[in-house]
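Reading through the structure tokens given below for one structure.
The values are calculated or read from the model by the stated rules, or taken from the named source; none is laboratory data. Quantities reported herein were computed from a predicted structural model and do not represent experimental measurements. Note: ideal-geometry Cβ built from the backbone for every residue, glycine included; neighbour counts use all protein chains shown. These accessible areas exclude ligands, DNA and RNA; they are computed on the full protein's heavy atoms, side chains included. Shrake-Rupley method; radii C 1.70, N 1.55, O 1.52, S 1.80 Å.
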Amino acid sequence: MKMWTLSCATPVAYPANSVRVSMPSVKAPSSSQISFQHNESPFVPEVVKAVDSLYSEFRAVDNLVACNTSRVLKAFQNVRLGSHHFSGSTGYGHDEAGGREALDQAFAEIVGAESAIVRSQFFSGTHAITCALFAFLRPGDELLAVAGAPYDTLEEVIGKRDSNGLGSLKDFGVEYREVPLAEDGGLDWDCLMHALKPHTKCALIQRSCGYSWRQSLSVNEIGRAIKMIKMQNPNCLVMVDNCYGEFVESIEPPSVGADLIAGSLIKNPGGTIAPCGGYIAGKKKWVEAAAARLSAPGLGIDCGSTPGDVMRAYFQGLFLSPQMVGEAIKGTFLIAEVMASKGYQVQPLPRATRHDTVQAVQLGSRELLLAFCEAVQRSSPVASYTKPVAGSTPGYASEVIFADGTFIDGSTSELSCDGPLREPFAVYCQGGTHWTQWGLVLGEVLKHI
């Protein structure tokens, strides 16, 4: 058996009376001694060329991963995370061993918030966002979406699309307006400068592009928008839909003034292993108000059971999430590079700075959108033998097709793509536990479009 020689630039100083273990010194194998079973690349030439050109981008992502892993590690150390925190609880959750509190505290520190609630009882990002909006808004108030139309699943929550009297914000007397996007797909800063009214109680900022062909927002842009909003109406509260944005930058929206953020644990912050759940983080007062929407007024955040195996997965997933997000970002670079080389419009553009983990590709026809998603499904580890079929899905206005052969149902952070069957027939790609997954998937995609 061959061994490696370990060398350090600085000699190791051993304390007095320490036990020293000597290891045999051996030479590292030369490159000629390293053999591979297959010399051929597993990737198609288009992917090989793209990977070779993305070295500097991938290196920058690795630096971001290290930065974000450092802040997660620090937060875990500050709450003195131990194995006893993984035990979870049952029933009301009153006999909880401290894991729930430790997770909330660590999450709040990681995202730069006063407080956080991280719970399995949030069954989607839309559910968490809804609890936050109902915490802020009362009859007669106005909700203002400042980044154009919100994601499809929020339309019935708001009342933009009829909820059939099931309790939308509109049903409770909350008014709604939108600030359209600028021609370049970004925020319309001139319009936003004068958009607020005295009864505008909440401004909603969607960080990711959703199903819109637009730029996702950077944290700095969100901070600039918050300053404009607060200058016009200091009492207006700012809610950020943070889905797909966690760990894509080195700070999160609470650090630039967001009153609340919300998202899903089967996206970025679950690290691909959280089995369910969501979170809300921000100002303590409003986190508690949102918790009352999740449960009931008076119950607060000190209730709700989480089984032990789930609690461990939350901590472990949160620790892994910077790395998983980094791989997803690399995947977006690769998708953009390859698909743009084939003449397709992409958003974001190749090698542009990323602000979320979504890569959109404009395919131009229903047939190509279906073919793309079918190729992704065939390349998935789970249910690769199935064929995704477009259809109506609860919460969506249009027919939607999903390709998500994932271990966690609906876990877009693993590797998935989806898109509404409407113009411009764009597919939205997310996730990937390693960029090489997308490298393999793209080979299958290029065979069929």
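Averaging sequence separations of C-alpha pairs under 8 Å and six or more residues apart, then dividing by the length of region 286-362, give the relative contact order as a whole percent.
20
Of Asn164, Ser120, Val174, whose Cα points farthest to the positive end of the dipole of region 116-206 (charges on the beta-carbon: +1 Lys, Arg; -1 Asp, Glu; origin at the Cα centre)?
Going by the charge dipole, the pick is Ser120.
How large is the charge dipole for the chain, taken about the Cα centre, if only the Cβ atoms of Lys, Arg (+1) and Asp, Glu (-1) carry charge, to the nearest 20 debye?
Roughly 980 debye for the chain.
Could you identify which residue out of Pro394, Pro253, Pro42 has the top mean-square fluctuation in a GNM of the chain using Cα springs shorter than 10 Å?
Pro394
Kindly identify region 304-356 as rounded, prolate or oblate by the Cα gyration tensor criterion: order the square roots of the eigenvalues as a ≥ b ≥ c, call it rounded if a/c is under 1.5, otherwise compare a/b with b/c, prolate if a/b is larger, else oblate.
Judged from the Cα gyration tensor, region 304-356 comes out prolate (a/c at least 1.5, a/b above b/c).
With respect to the cross-link table entries Lys283/Lys330; Lys267/Lys342; Lys170/Lys284; Lys170/Lys227; Lys227/Lys284, which display a Cα-Cα separation exceeding 24 Å?
Lys283/Lys330; Lys267/Lys342; Lys170/Lys284; Lys170/Lys227, as the Cα separations exceed 24 Å there.
Compute and list, largest first, the equivalent-ellipsoid semi-axes of the chain from the alpha carbon gyration tensor, each √(5λ) rounded to a whole angstrom.
38, 30, 21
Among His194, His355, what's the order by accessible area (1.4 angstrom probe), most exposed first?
His194, His355
Assigning unit charges at the beta carbon (Lys, Arg +1; Asp, Glu -1) and nothing else, what dipole magnitude in debye, to the nearest 20, does region 243-296 show about its Cα centre?
220
Using the Cα atoms as the points, what is the convex hull volume per residue of region 132-197 in Å³?
87
Please identify, among Val79, Val338, Val157, the residue showing maximal mean-square fluctuation in a Gaussian network model of the chain using a 10 angstrom Cα cutoff.
For the chain, modelled as a Gaussian network with Cα springs under 10 Å, the answer is Val79.
How much net charge surrounds Ala292 when only the other residues with a Cβ under 14 Å from the Cβ of Ala292 are counted, with Lys and Arg +1 and Asp and Glu -1?
Here the charged neighbours net out to +3.
Cα gyration tensor of region 308-426, axes a ≥ b ≥ c as square roots of the eigenvalues: rounded (a/c below 1.5), prolate (a/b > b/c) or oblate?
Oblate, since a/c reaches 1.5 and b/c is not below a/b.
What is the sum of charges around Arg161, taking Lys and Arg as +1, Asp and Glu as -1, for the other residues whose C-beta is under 11 Å from the C-beta of Arg161?
-2
Bin by bin, in steps of 5 Å, what percent of the Cα pairs in region 332-372 do you find, going until the bin that has the longest distance?
5, 26, 32, 22, 11, 4, 0
Leaving out ligands and nucleic acids, note down the accessible area per residue over the chain with a 1.4 angstrom probe, in whole Å².
With the other protein chains kept in place, the chain gives 47 Å² per residue.
Does region 365-408 come out rounded, prolate or oblate, given a ≥ b ≥ c as the square roots of the eigenvalues of its C-alpha gyration tensor, rounded meaning a/c under 1.5 and, failing that, prolate meaning a/b above b/c?
Because a/c hits 1.5 or more and a/b fails to exceed b/c, region 365-408 counts as oblate.
Take the solvent-accessible surface of the protein heavy atoms, probe 1.4 Å, and return the percent of it on the chain that carbon and sulfur atoms account for.
In the chain, the share of accessible area belonging to carbon and sulfur is 55 percent.
Gaussian network model of the chain, Cα springs within a sub-10 Å range: biggest mean-square fluctuation belongs to which of Val48, Val118, Val248?
Residue with maximal mean-square fluctuation among Val48, Val118, Val248: Val48.
List, in order, the whole-Hz ³J(HN,Hα) value for each residue of region 230-238 obtained from phi through the Karplus relation with A = 6.51, B = -1.76, C = 1.60 and θ = phi - 60°; use x for Gly and Pro.
5, 5, 6, 8, x, 8, 6, 8, 10
Would you calculate a helix-derived [θ] at 222 nm for the chain, using -39,500 (n - 2.57) for each DSSP H run of n ≥ 4 and dividing by the full residue count, to the nearest 500?
-11000 deg cm²/dmol
Report the gain in length on full extension from Ser384 to Leu299: 0.36 nm times residue separation, minus Cα-Cα distance, nm rounded to one decimal.
Length gained, Ser384 through Leu299: 26.2 nm.
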